[in-house]
Amino acid sequence: MRAILHADKKWGIGRANGLMFSLPADMKFFRETTKGKTVVMGQNTLLSFPGGKPLKNRTNIVLCPEDIEEDVVTVHDLEELLEEVKKYPADDVFVIGGASVYKLLFPYCTEILVTKVDAEGGADAFVPDLDADGRYVLAAESAPVEDNGYTIRFCTYRNLAPIGA
């Protein structure tokens, strides 16, 4: 399992259940990376999508207490989620948010793909600072890219000891 997200300078990932920045290059990277794959999210992340509809061309797994009628696989707790994701190739499963789901699942992820934005977005949702956590190492980092007035870098963090690996 891997995770994919964008984060500002303070490891903020969102504001008011939405994205902080409009980053076309980051969105393209997200689409190309997750298309045809399995995405794992919490209910608020699902609700943040246009019309609250699941992402097209992906298997959508939603971790939430009640069943959802949409075209998603609903799981109710961590144990059920971990059983469900075993049905898919591990490298094809991407955790896509929100903050509580990232915090819960980062320890299980072998890699975390972070688009780092060189700005502060006024976030109200944050993920742990992977640079300050000895369990993760920055394995790759792109050159700076300008994206809609922001400087971003595509970074890959490796989990040195993922749970279940």
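The values are calculated or read from the model by the stated rules, or taken from the named source; none is laboratory data. Every value quoted in this text rests on a predicted model; they were computed, and no experiment measured them. So basically every Cβ, Gly included, is an ideal-geometry build from the backbone, and we count neighbours across all protein chains shown.
Things worth noting here:
Okay, residues lined up against (1) over 23 Å from Lys35 (Cβ atoms); (2) in contact with a Leu (Cβ under 7 Å, 6 or more places away or on another chain); (3) surrounded by 14 or more Cβ atoms within 10 Å (Cβ to Cβ); (4) at pLDDT 95 or above:
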site: Gly51; (1), (2), (3), (4): no, no, no, no
site: Lys87; (1), (2), (3), (4): no, no, no, yes
site: Tyr108; (1), (2), (3), (4): no, no, yes, yes
site: Val145; (1), (2), (3), (4): no, no, yes, yes
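- Filtered residues of region 109-161 (kept if over 17 Å from Lys28 (Cβ atoms), touching a residue at least 24 places away in the same chain (Cβ under 8 Å) and aliphatic (A, V, I, L, M)): Ile112, Ala119, Ala123, Ala125, Val127, Leu130, Ala139, Leu160, Ala161
- Matching residues, region 1-60, being part of a helix (DSSP H, G or I), under 18 Å from Tyr102 (Cβ atoms) and in contact with a helix residue (DSSP H, G or I) (Cβ under 8 Å, 6 or more places away or on another chain): Thr45, Leu46
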